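A.B. asks: Right, I'll just put the structure down here and ask away after.
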Amino acid sequence: MVDNDCEKIEALRLICQRFLPQYMDRFDVAITRSLGITTVVRITLTEPPVGKSKQ
């Protein structure tokens with residue numbers, strides 16, 4: 001669990017930039033409103049991710 005607010009904000013910013021770039025103008029308001037009730041979990045991969053894709 002990430003407890004540092006600055007680290008949580010940075011992680012959420014990266015996720016939002018990746019998946020919701022059109023809403024970045026609302027990011028600061030959303031963070032101010034919900035950071036206290038948002039949980040961020042750091043996951044460390046021990047092996048490279050693999051997956052299948054449908055064609």
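The values are calculated or read from the model by the stated rules, or taken from the named source; none is laboratory data. Source: prediction; values computed, not measured. Cβ placement follows ideal geometry from the backbone for every residue including glycine, while neighbour counts extend to all protein chains displayed. Please note that ligands, DNA and RNA were not included when accessible areas were found on the heavy atoms of the full protein model with its side chains. Shrake-Rupley method; radii C 1.70, N 1.55, O 1.52, S 1.80 Å.
A.B. asks: Can you list which of the trypsin sites (Lys or Arg not before Pro) found in segment 17-52 are DSSP loop residues with at most 11 other C-beta atoms within 10 Å?
C.D. replies: When the trypsin sites (Lys or Arg not before Pro) of segment 17-52 are filtered for loop state and at most 11 Cβ neighbours within 10 Å, 42, 52 remain.
A.B. asks: Related question: Under a Cβ-only charge scheme (Lys and Arg +1, Asp and Glu -1), can you give me the dipole magnitude of the chain about the Cα centre, in debye to the nearest 20?
C.D. replies: Using Cβ point charges on Lys, Arg, Asp and Glu, the chain gives about 340 debye.
A.B. asks: With the full set of protein chains in place, find how many percent of the accessible area of the chain is carbon and sulfur; take the probe as 1.4 Å.
C.D. replies: Ligands and nucleic acids excluded, carbon and sulfur reach 56 percent.
A.B. asks: Can you give me the Rg/Rh ratio for the chain, using Cα atoms for both radii and the Kirkwood formula for Rh?
C.D. replies: Using Cα coordinates only, the ratio equals 1.08.
A.B. asks: Compute the length gained on full extension between residue 54 and residue 2: take 0.36 nm times their separation in residues and subtract their Cα-Cα distance, giving the result in nm to one decimal.
C.D. replies: So the chain would gain 15.3 nm between residue 54 and residue 2.
A.B. asks: Residue separation times 0.36 nm, minus the C-alpha to C-alpha distance between residue 11 and residue 34: what's the value?
C.D. replies: The residue 11-residue 34 span can extend by a further 6.9 nm.
A.B. asks: Now a separate question. Counting only heavy atoms of the protein chains, get the accessible area per residue of the chain (1.4 Å probe) and round it to a whole Å² value.
C.D. replies: Value returned for the chain: 96 Å² of accessible area per residue.
A.B. asks: Related question: Run the paramagnetic zone check for residue 44: 7 angstrom along Cα to Cβ, then residues of segment 1-34 with backbone nitrogen under 17 Å.
C.D. replies: The answer is 1-4, whose backbone nitrogens lie closer than 17 Å to the label point.
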